[in-house]
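What follows is calculated from the coordinates using simple rules that are stated; it is not laboratory data. As the structure is a prediction and not an experimental result, all values here were calculated from the model. Here the Cβ is made from the backbone with ideal geometry for all residues, glycine too, and neighbour counts use every protein chain on show.
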Amino acid sequence: MHTAMRRAGRIALLSLVLAWTAFAQDGNEPITVTDLLRIRQLESPTVSPDGRWLAYIVRQIDTVETEPDVRYAYRTHLYLVPTDGSTPPRAYTHGDRTASQPAWHPESDRIAFVRPVGGKPQLFVISLFGGEAEQLTDFRHGASRPRWRPDGSLLLFTATLSEKDVRRAEGTPPWPDERPARTASDTAGARPNPDGSLAEIRAWLARNEADSNPRVFHRLDFQGEQSLQPQLRFQHLYVVEPRPGAKPRALTHGFFSFSGAEWLPHGRQIVAAALLDSTRHPDRTRGSDLYLIDVDTSRINLLLHIDGYALFAPTPSPDGQWIAFLASPLADSGYAQTEIGLFRLDGRRPPELLTLHFDRSAGNLKWAPDMRYLYFVAPSNGGFPLYRIPFFDLHPPRPAGATAPDTTASRARFTADEVVRLRPKIERLLDYDRGVRDYDLSEATVYYVLTEPTNPYELYASDLAFKRPHRLTEHNASWLRTKRLSRPEAFTLKRDTLEIQYWVMKPAFFEKGRRYPMLLEIHGGPAAMWGPGEATMWHEFQFFASQGFAVVFSNPRGSGGYGRAFRRANYQDWGDGPAGDVLAVASAAARLPWIDPERQVVTGGSYAGYLTAWIVAHDHRFKAAVAQRGVYDLQTFLGEGNAWRLVPWHFGGYPWDRETPALLHGDTASVRDVILYNSPITWVHQIRTPLLIMHSDRDLRTGVIQSEMLYKSLKILGRPVEYVRYPDEGHELSRSGDPKRRMDRILRIYEFFMRYLPAETPPASE
């Protein structure tokens, strides 16, 4: 009887969720470009230790100046909602003072968070009972990622120091100085004098360099995201007492960086990832190990090293006996998938890897409070589901009073052959048509930010097995009720033994008997993955669906979420193979009776900007194309982009390497031949499709010179091309750029397509 009632209750709840979904699609208003300003992005759900409250961050766009010069600004605010949903969410911060990275005090009565002050992040604390937030730090290096000591007596945080700051404190770095034919001490004691001795001239030049006038480069990775970075930056760990005016105390020092720091439950030690024993310049090494840091003495001891792996994101178990972590193979770095590992803190058994058989890249690892499960998120088959591994199946708890088995002495260093590779059962808790952006766990509940085709961000709660989900917020649901939305339909096709997944979205105001233009959207990466749970493209896809387009998107070879072999299928083949997959998708979609095959357009950004240019150089079915922030000359990309390692990782070496072990169309070739063949600029003379090229002035991930090369080449050839450059923006324009420029970008794409799309072709008579 009771079981039946509970089942009926679950069905009723599910019906309510489904009813809302259907209702959300039945509105009469289109998604407009200015709806971007209405989207609320939810982040960092964090449940209080007593399980009664959930803190989270809402990112929104506010209008700060009105007509004629409308300006917008991003605001992030701290919200609280009771975990039982008894009252609506409440904003705890307001106005232009932003908040991020919430962290609960162990007594659940206050929250630490981060807020910028004078351009630097600083720690603040706000009481659960209201009042103004109290600033704790005014640290010249900034303070971020707060973590309360389990007894609440200290706050752990991370600060970023410049190489100059570290040199001032530590002297000469341990790695060889890469400044050619100079030493760090050859200006010691010399007086700056441009007319003096060689030592005095060097001292004068050094003073100018110290003022960044000019900037002098010696490091390999001198390109940041939006500015050049002559100096390294290092992340170090500090603790501070939770009272205003308290002075932070450094736990770590030197020419190293520490990440992912977490307290062990006893509060005497911290575990973090770092690479401390390298004699190589940080730009030239990719590894990291796990370390234990004693809070009282600042002593640092190696916890775990595995040959051939970078270890990061250490996550202590609630009982303090285990460390779960993420591990990425250093070999074949361009295609490596992140694995989940386990290691006992006493070092009396080898580390274990749990997800090699899973064949997906895992992340966002968390323990269930009772340690029965390890939870994680992994992109897969177009979705971002939450998964769990039954920990107790692997390591059942010992009965009270049982003695530990006799084991070997404690160890910290292991070879790859010594790692135990387990195959635990992995449970998927959500289907593939949604995406978990972030989550947290209490004793009986998981709280998660969910992206769905009908809602970009909302906060949900469910039991740990996801049998009874319910929505806690309506930040976007409230304004979406009046909107007509399109829902993607999934398809697959076979090509070269690979199964390619793709989706088709009907126009929001679809009318039977009409035929609609098709927009082919391509994702970047190349190892990104799109699907119904993709949040970053939600607004753009729905906007074009509201404008009467069939929106088609896919995951061609090289995409993440389908296993390592699928991801590696684009090795030395960024053009032919992936383009063939995308074009096969376009051909399949164009056969739908309501799509007009004579009205196809295409766009994509980053690697997809590359693929857009490649496609229009080799196929002429599209009436217009937009290539955004792309890579068009791989040899130039090697020099001007900070993502330059994609070239050796994906193409087998460098342009000066005489031969590559792989084959290019059946023949051995130099790496230069391979990258020239795979560069769209090589085929620019074949482009006839009207092309809009978009790039940002400060995009150093891909670099801007290539976009200029592509534009100038097409102008010389007399082809229909337009070039748009966005000032003060980087590679992330479409996701986090100035809101006005984000809207400008979408409208320019739309307007460009409309120049070249012909009138609707009536369907063939039956």
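So the values come out like this:
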| read-out | value |
| --- | --- |
| Sequence-distant residues sharing a close amide H with Tyr373 (under 5 Å, placed H) | Ala368, Phe391 |
| Other-chain or far-sequence residues with amide H under 5 Å of His731's (modelled H) | Leu700, Arg701 |
| Distance from region 565-614 to region 86-120 (C-alpha centre basis), Å | 44 Å |
| Relative exposure of Trp594, Trp574, judged by other C-beta atoms within 10 Å (fewest first) | Trp594, Trp574 |
| Mean ellipticity per residue at 222 nm, deg cm²/dmol - from DSSP H runs of n ≥ 4 across the chain, formula -39500 (n - 2.57) | -5500 deg cm²/dmol |
| Residue order, fewest to most surrounding Cβ atoms within 10 angstrom, among Leu311, Leu220 | Leu220, Leu311 |
| Rounded to whole Hz, the Karplus (6.51, -1.76, 1.60) HN-Hα couplings of region 554-561, x for glycine and proline | 8, 10, x, 3, x, 6, x, x |
| Nonlocal Lys pairs with alpha-carbon distance under 26 Å, the chain (8 or more apart, or different chains) | 15 |
| Fully extended contour minus Cα-Cα distance, from Asp346 to Glu29, at 0.36 nm per residue | 108.0 nm |
| Efficiency of FRET between Phe491 and Ile201 - r from beta-carbon atoms, R0 60 angstrom, step 0.05 | 0.30 |
| From phi via Karplus (6.51, -1.76, 1.60), per-residue ³J(HN,Hα) for region 193-198 in Hz, x at Gly/Pro | 7, x, 10, x, 5, 4 |
| Phi to ³J(HN,Hα) by Karplus 6.51 cos²θ - 1.76 cosθ + 1.60 over region 601-618, Hz, x for Gly, Pro | 9, 9, 7, x, x, 6, 4, 6, x, 3, 5, 4, 5, 4, 4, 6, 7, 10 |
| Distance (nanometres) between label positions extended 7 Å along Cα→Cβ at Asp576 and Ala465 | 5.2 nm |
| For Val721, residues with placed amide H under 5 Å, excluding near neighbours | Leu691 |
| Separation of alpha-carbon centers, region 434-463 and region 139-157, rounded to whole Å | 27 Å |
